[in-house]
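Visitor: Below you'll find the structure I mean.
The values are calculated or read from the model by the stated rules, or taken from the named source; none is laboratory data. Because the structure is predicted, anything quoted here is derived from the model rather than measured. Here the Cβ positions follow ideal geometry from the backbone for every residue, glycine too, while neighbour counts run over all protein chains shown. The area values use the complete protein model at the heavy-atom level, side chains included, leaving out ligands, DNA and RNA. Shrake-Rupley method; radii C 1.70, N 1.55, O 1.52, S 1.80 Å.
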Amino acid sequence: MAPPAQPTPLLAGLLQCSHDAILITDADFHIRQINRVFTELTGFTEDETIGRHIDILRPIAHDDEASLTEICQIVRTRGQWSGKLHGAGKTGEKRQMSLNATTIRSDDPADDACVFSFSSAHSAENGEHPDLAHIDTLTRLPNRLLLIDRLQQTIAQTKRSNLLVAVMLMDLDNFKTVNNSYGHLVGDRLLRKISQRLSRALRAGDTVARADVTRTASRPGDTVARVGGDEFVMIVTGLPNMDTLENITNRILQLTALPCEIDGREITVTASLGVTVFPFDAVDAETLIRHADQAMYQAKEYGRNSYHLFDAEQDQQAHTRRQLLERLKLALANDELTLHYQPKVNLRNGKVIGVEALLRWNHPDRGLVMPGEFLPQAEHDELILDIGKWVTRRALTQVMQWREHGINLNVSVNIAARQLLREDFAECVQCCLSDFPDLPRGTLEFEILESSAITNTAHVQKVIKDCEALGIHFSLDDFGTGYASLTYLKEIPAGTIKIDQSFVRDVLDDSDDLALVEGIIGLASAFRRIVVAEGVETPEQGVLLMRLGCDLVQGYGIARPMPAEQIPEWVAGFRPDPQWALWADAHWEMIDFPLLVAQYDHLKWVHRIAMSLEGGNLQLSEAELTDHHQCRFGHWYYGHGLVRYGHLDEFRELEAIHRDVHKLGPDIIRLREAGQHEQARQCMHDLLALKDQMLDKLGKLQSVVAKKV
Ligand code: C2E
Ligand code: MG
Ligand code: MG
């Protein structure tokens, strides 16, 4: 086989400027020449092909009737073959092409050659004139059809590189005004000017000239396409990083916003740009354009004349949310939603004052789903209005059923901000109440989130007033988490404040939370509001709250939320914790609260020693363990306690016991460390006895301090 001859300058030029992929072989089908477009279309380079037999290209061309080998035979005998092919590039991506293969005869048969010319099969399929099928007639830019084709090619090629491709969808911000003010002809000329600027801004400077269909099978450089009235899509290829992208988006926005002179007038428009980047957004061509479109809408929302980058993760979340909402709609229709009820009690008199209705989803596959898993999504949708109506109606039906069995309970229902902010909220409630004519006034309470009422105080005031006229109470839920101001508390006439459970949970451990709870109770009293604490998990928290002046509580420490049918039995069996009754008639001054806290500090100290004996880490510093001045109880005793109660025998008697406690504690830890577990346990026993003595003495001190009312 002769080495391939260098092409003549004429042939080289022809190959270079052809928009088709061209391959030239000798009479035996050994490859002599290929052009650049061929490499880009198939992935085969000169090094891999020149001098080799055409058979190596077998995967790139086959059709239903003929393989490449068969096509070669036909060309050899008949001198020509043309037809459509299903091909695959070197990396396997599929495409349709039309192939025209012709033998070029020479005087010397040894110089015979065969020319294979591949082009996209698109236009042939459509049977349309290529220009009309793929070009926007106004701007001469590629239209959507050609855009998609190019984008598909770009994606295929980018998969082999480390570079990025940006797909940008641009929409003019105030184009309608231009059309309305100056007429459509001016609008059209503006679009043409903008399209020229865009083409120049990108490497697609020659887009207008190149917008022919053969280009679809050639190098997919940057592309500007017009896809709708004032909508353009740009494909920017070969980006090394996101910084480059930012330069380009800024350039596009700046260029678009430059004034355009049309018929002696200066017209200025701005644009909003939505951008998505492949392969970060690894989806197909159509979806990339859709994502750019979504991002463009965000740019419009955020204030126009700007760009917004599509967020694939955010989109996935939005998708999941839509799915959940659809499923939730079905759940409402299929009666899968249900309410559980959590009792609220009065610690001082030990009575059950009502229940809070809490939504649950009885999912056929997932079991009982908590509201935190589905309500936040529904709260951003109209669906929450339907759910809200269902909850109120269901809760009232339930209350009436209990009443029929002699159990009279108030019920509170949580309502979402979207419900509350509806113009017709009070009307809807009235309509619902009319179906329960026997329901006593004051039975229903709405719990509104502190934060949800902040946005439109005037409206919320009116809603509360209208509903109160119907005998409905209001409470501010999760109070303390919504950054409300004091003015706000004055303006929102909800009769009850519910202290958020996050403060109640740590009220015994965290002095800041204790201060907050105290503060909220004080505020409630100053504003003459009822105060309820939620999230009460232990009797001790209950006692502390009651002493702080908050008698109404709700929490796992009293009862967990339960299905409606369990409520009658629970109410019948409810016995208040004896600790509550003990302090029910005591009255405390704010200044004496540290005395209550000191008691819990001591209990916690003993508990930590006990836990460490069980094998846990000792959560006390050396000083807290050994020095009776340095533990939290000691701080109180020799500080605030001494100043306030130093004159009382009951107070002074505490000191000796407390000293003993701090002798025993370290002994226990040392014995444990020495492996003398039995002795350590013995000492622990003694420590617990000391603790009881402390509690007894503290109780006596507290009785002296508390003024009986
Ligand atoms: P929320 O109104 O503050 O209700 C109290 C939440 O705290 C309930 O959670 C309850 O089960 C939980 N809880 C009660 N006591 C304790 C306790 O001692 N310890 C702890 N750790 N948690 C306790 P749930 O049922 O998961 O409800 C969460 C939130 O969902 C509710 O908070 C409320 O904001 C909302 N929600 C529930 N049902 C509805 C409803 O029907 N409509 C609306 N709009 N929101 C609802
Ligand atoms: Mg609530
Ligand atoms: Mg709450």
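Visitor: Could you tell me which residue of the range 479-492 is surrounded by the most Cβ atoms within 10 Å (Cβ to Cβ), considering only residues that are modelled with pLDDT of 80 or more and within 15 Å of ligand 1 (Cβ to nearest atom)? Break it down stepwise before answering.
Guide: The first filter runs over the range 479-492 and keeps only residues modelled with pLDDT of 80 or more, leaving 479-481, 489-492.
From what's left, within 15 Å of ligand 1 (Cβ to nearest atom): 479-481.
Working: Phe479: 26, Gly480: 22, Thr481: 15.
Of everything passing the filter in the range 479-492, Phe479 is surrounded by the most Cβ atoms within 10 Å (Cβ to Cβ).
Visitor: Still on this structure: It is to be established whether one or more residues within the range 461-478 are open to solvent by 10 Å² or more (accessible area, probe 1.4 Å), farther than 26 Å from Asp435 by Cβ and more than 16 Å from ligand 3 (Cβ to nearest atom).
Guide: yes
Visitor: Then there's this: Out of the residues in the range 538-556 that are at pLDDT 95 or above and assigned to a loop (DSSP other than H, G, I, E, B), state the one that is most open to solvent (accessible area, probe 1.4 Å). So that I can check it myself, show each step before the final result.
Guide: Within the range 538-556, the first condition is being at pLDDT 95 or above, and the residues that meet it are 552-556.
Subsequent filtering for residues that are assigned to a loop (DSSP other than H, G, I, E, B) retains 555-556.
Working: Gly555: 3, Tyr556: 113 Å².
Per the criteria, the residue is Tyr556.
Visitor: Anything in the range 396-432 that is within 21 Å of Leu332 (Cα to Cα) and within 16 Å of ligand 3 (Cβ to nearest atom)? List them, or say none.
Guide: Listed by number, the residues that qualify are Ser412, Val413, Asn414, Ile415, Ala416, Ala417, Leu420.
Visitor: Right, another one. Filter the range 463-479 for residues that are out of contact with any Lys or Arg (no Cβ under 9 Å at 6 or more places or on another chain) and either small (Gly, Ala, Ser) or within 16 Å of ligand 2 (Cβ to nearest atom) (or both) and give the result.
Guide: Once the filter is applied, which keeps residues that are out of contact with any Lys or Arg (no Cβ under 9 Å at 6 or more places or on another chain) and either small (Gly, Ala, Ser) or within 16 Å of ligand 2 (Cβ to nearest atom) (or both), the range 463-479 yields Ala469, His473, Phe474.
Visitor: Would you point out which residue out of Arg140, Arg192, Arg200 is charged (D, E, K, R) and at pLDDT 90 or above?
Guide: Working: Arg140 fails: at pLDDT 90 or above; Arg200 fails: at pLDDT 90 or above.
Being charged (D, E, K, R) and at pLDDT 90 or above holds for just one of Arg140, Arg192, Arg200, which is Arg192.
Visitor: Continuing with the same structure: Restricting the search to the range 277-296, which residues are open to solvent by 40 Å² or more (accessible area, probe 1.4 Å), closer than 17 Å to Glu231 by Cβ and either touching a residue at least 24 places away in the same chain (Cβ under 8 Å) or in a loop (DSSP other than H, G, I, E, B) (or both)? Full working, then the answer.
Guide: Here is the first cut: in the range 277-296, the residues open to solvent by 40 Å² or more (accessible area, probe 1.4 Å) are 279-280, 282-284, 286, 290, 293-294.
If we keep only those that are closer than 17 Å to Glu231 by Cβ too, we end up with 286, 290, 293-294.
Glu286, Asp293 - these are the residues of the range 277-296 that are open to solvent by 40 Å² or more (accessible area, probe 1.4 Å), closer than 17 Å to Glu231 by Cβ and either touching a residue at least 24 places away in the same chain (Cβ under 8 Å) or in a loop (DSSP other than H, G, I, E, B) (or both).
Visitor: Another question, then. Which of the residues spanning the range 149-208 are charged (D, E, K, R) and open to solvent by 60 Å² or more (accessible area, probe 1.4 Å)? Don't jump to the end; show me each part of the working.
Guide: Let us first name the residues in the range 149-208 that are charged (D, E, K, R), namely 149-150, 159-160, 171, 173, 176, 188-189, 192-193, 197, 200, 203, 206.
Passing the criteria: Lys159, Arg160, Lys176, Arg189, Arg192, Lys193, Arg200, Arg203, Asp206.
Visitor: Ala584 - would you say it is aliphatic (A, V, I, L, M), out of contact with any His (no Cβ under 8 Å at 6 or more places or on another chain) and in a loop (DSSP other than H, G, I, E, B)? Outline the logic, then answer.
Guide: Values: aliphatic (A, V, I, L, M): yes; out of contact with any His (no Cβ under 8 Å at 6 or more places or on another chain): yes; in a loop (DSSP other than H, G, I, E, B): yes.
Taking the combined requirement at face value, the residue satisfies it.
Visitor: Can you tell me which residue among Arg441, Arg418 is within 20 Å of Phe474 (Cβ to Cβ), within 15 Å of ligand 1 (Cβ to nearest atom) and open to solvent by 40 Å² or more (accessible area, probe 1.4 Å)? Can you show your working first?
Guide: Details: Arg441 fails: within 15 Å of ligand 1 (Cβ to nearest atom).
Testing whether each residue is within 20 Å of Phe474 (Cβ to Cβ), within 15 Å of ligand 1 (Cβ to nearest atom) and open to solvent by 40 Å² or more (accessible area, probe 1.4 Å) leaves just Arg418.
Visitor: How many of the residues making up the range 36-47 are part of a helix (DSSP H, G or I) and closer than 18 Å to Pro7 by Cα? Don't jump to the end; show me each part of the working.
Guide: Here is the first cut: in the range 36-47, the residues part of a helix (DSSP H, G or I) are 36-42, 46-47.
Narrowing further to those that are closer than 18 Å to Pro7 by Cα: 36-39, 46-47.
Qualifying residue count, the range 36-47: 6.
Visitor: Filtering the range 493-509 down to residues that are part of a loop (DSSP other than H, G, I, E, B) and within 16 Å of ligand 2 (Cβ to nearest atom), which residue is nearest to the chain's Cα centre (by Cα)?
Guide: The first filter runs over the range 493-509 and keeps only residues part of a loop (DSSP other than H, G, I, E, B), leaving 493-495, 500, 506-509.
Among the residues that remain, those that are also within 16 Å of ligand 2 (Cβ to nearest atom) are: 494-495, 500.
Values: Ala494: 32, Gly495: 34, Asp500: 24 Å.
It comes out as Asp500.
Visitor: Taking the range 537-557 only, how many residues are within 14 Å of ligand 2 (Cβ to nearest atom) and either more than 30 Å from Thr487 (Cβ to Cβ) or in contact with a helix residue (DSSP H, G or I) (Cβ under 8 Å, 6 or more places away or on another chain) (or both)? Talk me through it step by step, then tell me what you get.
Guide: We begin by selecting, within the range 537-557, every residue within 14 Å of ligand 2 (Cβ to nearest atom); these are 552-555.
With either more than 30 Å from Thr487 (Cβ to Cβ) or in contact with a helix residue (DSSP H, G or I) (Cβ under 8 Å, 6 or more places away or on another chain) (or both) added as a condition, the list becomes 553, 555.
The qualifying residues number 2.
Visitor: Then there's this: Provide a single number: the residues in the range 109-118 that are open to solvent by less than 80 Å² (accessible area, probe 1.4 Å), farther than 12 Å from Gln80 by Cα and not aliphatic (A, V, I, L, M).
Guide: Number of matching residues: 2.
Visitor: Further question: Within the group Thr487, Thr481, which residue is free of Cβ contacts under 8 Å to residues at least 24 places away in the same chain and among the β-branched types (Val, Ile, Thr)?
Guide: On the way: Thr481 fails: free of Cβ contacts under 8 Å to residues at least 24 places away in the same chain.
Result of the check over Thr487, Thr481: Thr487.
Visitor: So which residues in the range 348-397 are open to solvent by 60 Å² or more (accessible area, probe 1.4 Å), in contact (Cβ under 8 Å) with a residue 40 or more places away in the chain and near ligand 1 (Cβ under 10 Å from one of its atoms), if there are any at all?
Guide: Matches in the range 348-397: Arg394 only.
Visitor: Let me ask something else. Going by the structure shown, is Arg32 open to solvent by less than 70 Å² (accessible area, probe 1.4 Å), among the basic types (Lys, Arg) and either touching an Asp or Glu at 6+ places or on another chain (Cβ under 7 Å) or not assigned by TED's automatic domain parsing to the domain that holds Thr158 (or both)? Let's see the steps before the verdict.
Guide: Numbers: open to solvent by less than 70 Å² (accessible area, probe 1.4 Å): yes; among the basic types (Lys, Arg): yes; either touching an Asp or Glu at 6+ places or on another chain (Cβ under 7 Å) or not assigned by TED's automatic domain parsing to the domain that holds Thr158 (or both): yes.
In short, yes.
A quick yes/no check of all residues on (1) open to solvent by 80 Å² or more (accessible area, probe 1.4 Å); (2) modelled with pLDDT of 95 or more; (3) more than 30 Å from Trp570 (Cα to Cα); (4) not aliphatic (A, V, I, L, M):
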{"residue": "Arg304", "(1), (2), (3), (4)": "yes, no, yes, yes"}
{"residue": "Asp335", "(1), (2), (3), (4)": "yes, yes, no, yes"}
{"residue": "Pro343", "(1), (2), (3), (4)": "no, yes, no, yes"}
{"residue": "Asn346", "(1), (2), (3), (4)": "no, yes, no, yes"}
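Visitor: What is the one condition in (1) part of a helix (DSSP H, G or I); (2) touching an Asp or Glu at 6+ places or on another chain (Cβ under 9 Å); (3) of a type in the set (Lys, Arg) that Arg226 does not satisfy?
Guide: (1)
Visitor: List the pairs whose first member sits in the range 177-200 and is basic (Lys, Arg), whose second member is open to solvent by 40 Å² or more (accessible area, probe 1.4 Å) and part of a helix (DSSP H, G or I), and whose Cβ atoms are under 7 Å apart, counting only residues at least 6 apart or on separate chains?
Guide: Arg197/Leu255
Visitor: Select the helices (runs of 4 or more DSSP H) contained entirely in the range 596-709, then report the ones holding at least 1 residues which are over 25 Å from Asp509 (Cα atoms), out of contact with any Asp or Glu (no Cβ under 6 Å at 6 or more places or on another chain) and open to solvent by 30 Å² or more (accessible area, probe 1.4 Å). Working first, answer last.
Guide: On the way: elements: 622-626, 632-636, 642-645, 649-673, 677-705.
Output list reads 649-673, 677-705.
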